[in-house]
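The values are calculated or read from the model by the stated rules, or taken from the named source; none is laboratory data. Quantities reported herein were computed from a predicted structural model and do not represent experimental measurements. When we count neighbours, we look across all protein chains shown, and the Cβ atoms used for this are built from the backbone with ideal geometry, even at glycine. Surface areas here come from the heavy atoms of the whole protein model, side chains and all, with no ligands, DNA or RNA. Shrake-Rupley method; radii C 1.70, N 1.55, O 1.52, S 1.80 Å.
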Amino acid sequence: ISWTISSATSGPTHVTRLSLSMVKIERAEDVATISIQRPDELNGVNPAVLHQMQRALDDVVDDPSVRAVVIGGQGRAFVVGADLGFFLRNIESGDMKRIVQFTLAGHRLMNAIDECPKRVVACVGGVALGAGVELALACDFVVASPRSSFGLPETGLGIYPAFGGTQRTPRRIGVGLAKWLIFTGKTLSASEARKIGLIDQVVPHEQLDH
């Protein structure tokens, strides 16, 4: 693909008035950028992030002036994965219902991105692990900087990629490579991810609009 989103967002930018504390929406001309704003937590995904991402996506989809959507993360990570603290707290308290609800909310968001009527580009400027890879694979295109890395480390924790990673990964790179990536939990550099087809393009970091 050709990297055209940056040139499309060169005009005036304004931030949405939606009341979102962990997600920011910026609009520039006909492109909306949705970014997770938890840099101190490496943009780990918790129920509040999923809820706010869903609201942000619904907002830009309903905006007739928006032609394309960019999804990114603030700071040195794209998304480091799901918030493990959330799982540990609820496992210790025996509240499995909240974990199931969280997983279902993740499915709804990933499916909404996958089925979005507007073109969606994942803009990965740093580490993408677990839910970060799943979020990127739900998008139409994945563009990354050389500083980025990709991995599905869930099996090392005794769990599995629960936001669609077991489905979208083999569709993207084939069953054999998907098994290797999921079973080993190996982390790939941007260039390695590009070589196996996990991502679409690697561009200089300063060209990313994230």
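For the chain, carbon and sulfur atoms together expose 52% of the accessible surface, with a 1.4 angstrom probe and every protein chain in place.
Annotation: the chain has a Kirkwood hydrodynamic radius of 17.1 angstrom, from the mean reciprocal C-alpha pair distance. Charging the Cβ of each Asp and Glu at -1 and of each Lys and Arg at +1, and nothing else, the dipole of the chain about its Cα centre rounds to 400 debye.
Here the range 110-210 is treated as a sphere whose radius is the Kirkwood value from Cα pairs; by Stokes-Einstein at 4 °C and 1.567 mPa s it diffuses with a coefficient of 97 µm²/s. Packing around the peptides 83-93, 119-129, 180-190, 64-74, taken as the average count of other Cβ atoms within 10 Å per residue, puts them in this order, highest first: 119-129, 64-74, 180-190, 83-93.
Mean sequence separation of contacting Cα pairs (under 8 Å, at least six apart), scaled by the length of the chain, corresponds to a relative contact order of 18 percent. The lysines whose alpha-carbon is closer than 26 Å to the alpha-carbon of residue 97, local same-chain residues fewer than 8 away aside, do not include any residue.
Run through the DSSP bridge list for the range 81-210 and note the antiparallel percent, rounded to the nearest 5. Rounded to the nearest five, the antiparallel share is 25 percent.
Using a probe of 1.4 angstrom and keeping all protein chains present, the accessible surface of the chain works out to 47 square angstrom per residue.
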